[in-house]
There are 6 protein chains.
Amino acid sequence: MKKTAVFPGSFDPITRGHESIIRRALPVFDEIIVALGDNAEKKCYFSLETRMKWLERVFDGDPTVRIVKYSGLTVDFCVKMNAGYILRGLRTSADFEFERTIGLMNKAILPAIETVFFLSAPEYAALSSSVVRDILRNGGDVSKFVPESISGEIHKKKSL
Amino acid sequence: MKKTAVFPGSFDPITRGHESIIRRALPVFDEIIVALGDNAEKKCYFSLETRMKWLERVFDGDPTVRIVKYSGLTVDFCVKMNAGYILRGLRTSADFEFERTIGLMNKAILPAIETVFFLSAPEYAALSSSVVRDILRNGGDVSKFVPESISGEIHKKKSL
Amino acid sequence: MKKTAVFPGSFDPITRGHESIIRRALPVFDEIIVALGDNAEKKCYFSLETRMKWLERVFDGDPTVRIVKYSGLTVDFCVKMNAGYILRGLRTSADFEFERTIGLMNKAILPAIETVFFLSAPEYAALSSSVVRDILRNGGDVSKFVPESISGEIHKKKSL
Amino acid sequence: MKKTAVFPGSFDPITRGHESIIRRALPVFDEIIVALGDNAEKKCYFSLETRMKWLERVFDGDPTVRIVKYSGLTVDFCVKMNAGYILRGLRTSADFEFERTIGLMNKAILPAIETVFFLSAPEYAALSSSVVRDILRNGGDVSKFVPESISGEIHKKKSL
Amino acid sequence: MKKTAVFPGSFDPITRGHESIIRRALPVFDEIIVALGDNAEKKCYFSLETRMKWLERVFDGDPTVRIVKYSGLTVDFCVKMNAGYILRGLRTSADFEFERTIGLMNKAILPAIETVFFLSAPEYAALSSSVVRDILRNGGDVSKFVPESISGEIHKKKSL
Amino acid sequence: MKKTAVFPGSFDPITRGHESIIRRALPVFDEIIVALGDNAEKKCYFSLETRMKWLERVFDGDPTVRIVKYSGLTVDFCVKMNAGYILRGLRTSADFEFERTIGLMNKAILPAIETVFFLSAPEYAALSSSVVRDILRNGGDVSKFVPESISGEIHKKKSL
């Protein structure tokens, strides 16, 4: 049976931390679906189209990575995509407390789906989309923090 | 002297976790007042009336549980109700950090009132009102997570 | 029914933190049994007799506090003493993680017994028997950290 | 070379916890700049003018404390002020997790600037501006929690 | 390429928590090697032979689980067994802090080997070998906490 | 007045993490005393002489670093050395919980002495003397983890 994992998020924007977790987890799974949450209630900094375009550019050429938009419960999306695993990164114990809550609730809703965790690399342990947005808002340079293939464009975006 | 405890919250909605803590703490106290916070600034998912009605239904027939609305400081409400204790559940160390802050501040304001903690049962360790609302928003089934007596109605509520 | 709580520990030696939790919890219970663990495998700094004598001196005159030695499982001791509650203090989230493990295991072994937690007072948040022993070993003054009624003797003990 | 530290915050309002950290850190540095963040997107309870005035009153007469408004990245402000250090207090491990993220990101952006931490005094371990605002909103007395020189005025403010 | 994971431990004794993590992770890997650490310096409660025998009995009939003794560094053992992954369970944030240290050091020593984490089931969140040993030492019943196939024998062991 | 900080530890052995904290803190203080604890009760992996020699070699040529053996309470040693500060590094929230206990107790014993904390660099966030010893015991290579000037000798030491 094909081993498919879903890596859910808002990716507002995708960071080098996200990219690193996905690339390191690729050998474990036959396919990783990067699931871009389309949540009407959550106000994002970048549009859904931009976030989608960036995800596609970062994983362009990786045949085992797919980018798919979704709304609704993550476990329902897993069922729809025939995915048995949810993939998550862990940076800190604050992360862990948050992820455990989500992971245990997902398991309570649908026991068949397992969440699998990878440790963030130390150099990305303090990196998050929200930190990147904060730096952008304050006119800082985020090129070290986002994937190389989008770091040029994210700055033009900002300067508009 | 009568031992009265206040269990404060928004109960938006009440979960099986809340219900479990209250029932387990009942033998310790002569009365537990479930104190429904009426906070104009906090936007709730369910109306005050609905939350009140559900609390009353869940503890209908428990002579030592009273449901009372309140606004203002919790310690002021305790004084008004002649309650010497605040009752809280602890699920995770993130919970603990939050509850310690509240508990120590309450004690700094009014040293006579003690906060008493019970451990959440393991099966409710990841359960919270906010998780329940999140599942509802995404069209999921929350019947396992809220008290039996309201699980039917919470779904109709959602489908309206 | 009489509400009895057991406060278990090695009390090697009793600190002002222990004393504070017990005194603050007294109004909740009809009796608190300070249960001095007699664990042959654990090497203590002070003898069982000394620890016992000090506990008795500290709570001398409190008719609702009893000092009892015990060995074996704490829950078995609770059953023997007809106690429905275990009392514990919480200083930090490290404490909480430790106490949750013990508390959940005790509940798994004997569901009828509840653990009830009080928050340590801020001034005792860093105080523990092991810190007191460490200061004693290094020739420091612990009189601020142990109950007044034993602080004189603990120093003579040390100087012997 | 002059050792200058920046203590950044919203100070909405300044608490006795803030004041304590700054006074205790004064002997380490030649100058501490209390940097009042002027963030258009963040809605504050007290106006920038009021917060500024209160900071100035609290440190009036301390020749090595300066109060300066700033916007943009904290590290950029440090460069502008010729400050090599950021000063922060640590109350709890939740604090630590948050501060580590900020501190490591600041270091990633500008490695020359070091964040230096002091432990909050135990009596202020649960105190924060947000707790003070919460008490004010609920009509409580915050005079024990804010510096003496502003405690009179903060109440009149509230009663307006 | 065959996906092999190593699940290292002392298994003194194996608990239902260990068993649950291994069984849940089986679909992700082609083989899981339960690696029984043979550490001369660590004093174990049960002999290496007994621990080995119990592991073999628990996973008897699982063709994709192998039980192997090892000494030395876990990453060196992985290389020897041609295993690209280390499998670990996470119960609490204290666990996480410990596992992150080990996981990051293993990655620093041998970057090619990834640690993959699963969340402990809530009913095993407080369970550990050390708790089981503690109950045994105090004459308690551990049959709920160890795999069914060994629960009979572990008691006889104790009573000897 | 001269600003002197004490950096206490067993340094069994000194790691790159220790070295990094000390070097980064040098500009804040006029002198840093690396205080090598000579604790008869604690069994160390390397002899006091070896640990002393290594510390001296690592900071050879740094006029503002002194290496001094000490026993007794750290605060008493500070007084003796006329040092007003204790310097510590923080890696994780587990570290923080531990350091807060020590820091608050030191302040309770001697309020005049402040503990000042620096964040560990991300690449050293999982590094500790105990991890280094563990790798050595298992025949691994620790040259990446200890200061360059001692990495050659630590291996010869091991192979003896």
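Hey, what's the Cα Rg ratio for the range B:39-108 versus the globular rule of thumb, 2.2 N^0.38 Å?
1.29
If I build a Gaussian network model for chain C, linking alpha-carbon pairs within less than 10 angstrom, which residue out of C:Glu148, C:Glu114, C:Glu49 has the largest mean-square fluctuation?
C:Glu49
HN-Hα J couplings of the range F:109-124 from phi, Karplus 6.51/-1.76/1.60, θ = phi - 60°, integer Hz, Gly and Pro as x?
Rounded to whole hertz, the list is 6, 9, x, 6, 9, 9, 9, 10, 10, 10, 7, 4, 5, x, 5, 10.
For E:Asn138, which sequence-distant residues (separation of 5 or more, or a different chain) have an amide H within less than 5 Å of its own amide H, given hydrogens modelled in the peptide plane?
For E:Asn138, whose amide H was placed from the backbone, there are no distant partners under 5 Å.
I want to verify a result. In a Gaussian network model of chain C, Cα cutoff 10 Å, which of these has the top mean-square fluctuation: C:Thr74, C:Thr64, C:Thr115?
Of the options given, C:Thr64 has the highest mean-square fluctuation.
Determine the distance separating the Cα centre of the range C:95-160 from the Cα centre of the range F:112-132; give it in Å without decimals.
Here the two parts' Cα centres lie 27 Å apart.
Could you pull the copy-to-copy label distances for F:Asp30, with points set 7 Å along Cα to Cβ, in nm to one decimal and sorted shortest first?
Those label-point separations list as 1.4, 6.6, 6.7, 6.7, 7.1 nm.
At E:Arg137, with labels set 7 Å past Cα in the Cβ direction, how many nm apart are the copies from this one, shortest first?
1.8, 1.8, 4.8, 4.9, 5.2
Looking at the square roots a ≥ b ≥ c of the eigenvalues of the Cα gyration tensor of chain F, which shape do they give, rounded for a/c under 1.5, prolate if a/b is larger than b/c, or oblate?
In terms of gyration-tensor shape, prolate.
Placing a label point 7 Å from Cα toward Cβ, how far apart in nm is A:Glu123 from its equivalents in the other copies, listed shortest first to one decimal?
0.9, 4.5, 4.7, 4.8, 5.1
Can you compute 3J(HN,Hα) from phi for each residue in the range B:88-100, using the Karplus curve 6.51 cos²θ - 1.76 cosθ + 1.60 with θ = phi - 60°, rounded to whole Hz and x for Gly and Pro?
Along the range B:88-100, the couplings run 9, x, 10, 9, 9, 6, 5, 3, 4, 4, 5, 5, 5 Hz.
Output the Kirkwood hydrodynamic radius of the protein assembly as shown, Cα pairs only, in Å rounded to one decimal.
Roughly 30.4 Å, rounded to one decimal.
At a Förster distance of 22 Å, what's the computed FRET efficiency of B:Leu110 paired with D:Glu123, Cβ-Cβ distance as r, to 0.05? Intermediate values should be presented prior to the final figure.
On the way: r = 16 Å, r/R0 = 0.73.
Step by step, r from the Cβ atoms, then E = 0.85.
Hey, if you put +1 on the Cβ of every Lys and Arg and -1 on every Asp and Glu Cβ in the range C:1-59, which of C:Leu36, C:Pro8, C:Phe59 ends up farthest toward the positive end of that dipole?
C:Phe59
May I ask for the distance between the Cα centers of the range C:1-67 and the range A:1-48, given as a whole number of Å?
The distance from the Cα centre of the range C:1-67 to that of the range A:1-48 comes to 54 Å.
Under 5 Å between amide hydrogens, which residues at least 5 positions from F:Arg66 or on another chain qualify, with H placed 1.01 Å from N in the peptide plane?
F:Ile32, F:Ile33, F:Val34
Just need the relative contact order of the range C:4-156 here, percent rounded to a whole number, with Cα pairs under 8 Å and 6+ apart.
It comes to 32 percent, rounded to a whole number.
Amide H to amide H under 5 Å from A:Val116: which residues, 5+ apart in sequence or cross-chain, H placed 1.01 Å off N in plane?
Close amide H contacts, sequence-distant or interchain: A:Ile86, A:Leu87, A:Arg88.
May I ask you to evaluate 6.51 cos²θ - 1.76 cosθ + 1.60, the Karplus curve with θ = phi - 60°, for each residue of the range A:144-152 and list the ³J(HN,Hα) values in order in whole Hz, giving x for glycine and proline?
In residue order, the calculated couplings are 6, 9, 10, x, 3, 5, 10, 5, x Hz.
Every number here is computed from the coordinates shown, using simple stated rules; none is lab data. Fair warning: this is a prediction, and the values are worked out from it, not measured in the lab. No Cβ is skipped: glycine too gets one built from the backbone with ideal geometry, and neighbour counts run over all protein chains shown.
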